[in-house]
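Peer 1: Submitted below is the structure of interest, expressed as structure tokens.
The values are calculated or read from the model by the stated rules, or taken from the named source; none is laboratory data. As the structure is a prediction and not an experimental result, all values here were calculated from the model. All Cβ positions, glycine included, derive from the backbone under ideal geometry; neighbour counts span all protein chains shown. Note: areas computed on protein heavy atoms with side chains; ligands, DNA, RNA excluded. Shrake-Rupley method; radii C 1.70, N 1.55, O 1.52, S 1.80 Å.
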Amino acid sequence: AQSVTQLDSHVSVSEGTPVLLRCNYSSSYSPSLFWYVQHPNKGLQLLLKYTSAATLVKGINGFEAEFKKSETSFHLTKPSAHMSDAAEYFCVVKDFGNEKLTFGTGTRLTIIP
Amino acid sequence: GAGVSQSPSNKVTEKGKDVELRCDPISGHTALYWYRQSLGQGLEFLIYFQGNSAPDKSGLPSDRFSAERTGGSVSTLTIQRTQQEDSAVYLCASSPSLLSTDTQYFGPGTRLTVL
């Protein structure tokens, strides 16, 4: 069975400081992992995905995530936060052979000017 | 190119009425998915279609929910005898195939409010 836990429901950082959004997953098989972002009143947009290639994945807008199998983690990071990064972020897992995405509960990122 | 589109963007209905929500996937995408995003439940899978195969309905919450996909393209999600707990944002996504590595592209959603 696949599941995902986002450890923080809300993260606040100052503009220009690093961002860390934590995600742990559980998967029976070789998983694909995704981070999606949802801005207010907008649809879900893919930030990046891991599909068993390089463990460090680079996405759009300067975000990256590292797949750590030993820790079952897929944390999202960005070196320097921008005001436009304020949004809800979802960590998502998909088991190999399972067509359904399982979403975490989301982390709301607030950027302090 | 055009992304996934959904209509209507907002729907307000009275308890007990039937509603239909429409999804137009990205052209050429063979897989189509419906999800529901509600307060307290997060994002949950409802149903998916792949080409002409029988859909996986395992996520539908009750028999009041049904969906069809005509001609392998447009999909309609129907909720009969709506209840207040059906209030949510209904999201549609499509992907090129059912490969596990394929990205699902989401539409803007339909916000359903049941009074």
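Peer 1: List the aspartates and glutamates whose Cα sits under 16 Å from the Cα of A:K69, skipping any in the same chain fewer than 8 residues away.
Peer 2: A:D95
Peer 1: Something else about it: Probe radius 1.4 Å, ligands and nucleic acids ignored: give me the carbon and sulfur share of the accessible area of chain A as a rounded percent. Can you show the working numbers first?
Peer 2: Numbers: 2840 of 5390 Å².
Of all accessible area on chain A, carbon and sulfur atoms account for 53 percent.
Peer 1: Using the structure shown, list the pairs from A:K42/A:K78; A:K68/A:K100; A:K42/B:K17; A:K68/B:K57; A:K94/B:K57 with a Cα-Cα distance above 25 Å, or answer none. Mind showing how you got there, number by number?
Peer 2: Values: A:K42/A:K78 21 Å; A:K68/A:K100 22 Å; A:K42/B:K17 27 Å; A:K68/B:K57 33 Å; A:K94/B:K57 17 Å.
Violating the 25 Å limit, Cα to Cα: A:K42/B:K17; A:K68/B:K57.
Peer 1: Leaving out ligands and nucleic acids, and using a 1.4 Å probe, what accessible area per residue does segment A:3-112 come to in Å²? The partial results should precede the final answer.
Peer 2: Working: 5140 Å² over 110 residues.
With all protein chains present, segment A:3-112 gives 47 Å² per residue.
Peer 1: So what J values fall out for segment B:67-83 if you push phi through Karplus, 6.51 cos²θ - 1.76 cosθ + 1.60 with θ = phi - 60°, rounded to Hz, Gly and Pro as x?
Peer 2: 8, 9, 9, 9, x, x, 10, 4, 10, 10, 9, 10, 10, 9, 6, 4, 10
Peer 1: How large is the dipole of segment B:23-94 about the Cα centre if only Lys and Arg carry +1 and Asp and Glu carry -1, each at its Cβ, rounded to the nearest 20 debye? Could the numbers behind the result be given before it?
Peer 2: Working: 5 positive and 7 negative charges, 12 e Å.
The dipole of segment B:23-94 has a size of about 60 debye.
Peer 1: At a Förster distance of 22 Å, what's the computed FRET efficiency of A:H10 paired with B:S87, Cβ-Cβ distance as r, to 0.05? It would help to have the intermediate numbers written out before the result.
Peer 2: On the way: r = 24 Å, r/R0 = 1.07.
The computed FRET efficiency comes out at 0.40.
Peer 1: Can you give the charge dipole size of the protein assembly as shown about its Cα centre, rounded to the nearest 20 debye, using +1 on the beta carbon of Lys and Arg and -1 on the beta carbon of Asp and Glu? Let's see the in-between values first.
Peer 2: Values: 20 positive and 20 negative charges, 17 e Å.
The dipole magnitude comes to about 80 debye.
Peer 1: Report the antiparallel proportion of the DSSP beta bridges in the protein assembly as shown as a percent, rounded to a multiple of 5.
Peer 2: Numbers: 69 of 78 bridges.
Approximately 90 percent, going by the DSSP bridge assignments.
Peer 1: Note the buried accessible area between B and A here, summed over both chains, with a 1.4 Å probe, in Å² to the nearest 100.
Peer 2: Working: alone 6280 and 6190 Å², together 10880 Å².
So the total buried area for this chain pair works out to about 1600 Å².
Peer 1: Now a separate question. What percent does the relative contact order of chain A come to when contacts are Cα pairs within less than 8 Å and at least six residues apart?
Peer 2: Numbers: 294 pairs, mean separation 42.9, N = 113.
Computed value for chain A: 38 percent relative contact order.
Peer 1: Relative contact order of chain B: what whole-number percent is it, with Cα pairs under 8 angstrom and at least 6 residues apart?
Peer 2: That works out to 38 percent.
Peer 1: Now a separate question. Would you list B:I26, B:I79 from the most to the least accessible area, probe 1.4 Å?
Peer 2: Result, largest first: B:I26, B:I79.
Peer 1: So how strong a dipole does segment A:1-81 carry about its Cα centre when Lys and Arg Cβ are +1 and Asp and Glu Cβ are -1, to the nearest 20 debye?
Peer 2: Values: 7 positive and 5 negative charges, 35 e Å.
Rounded to the nearest 20 debye, it is 160 debye.
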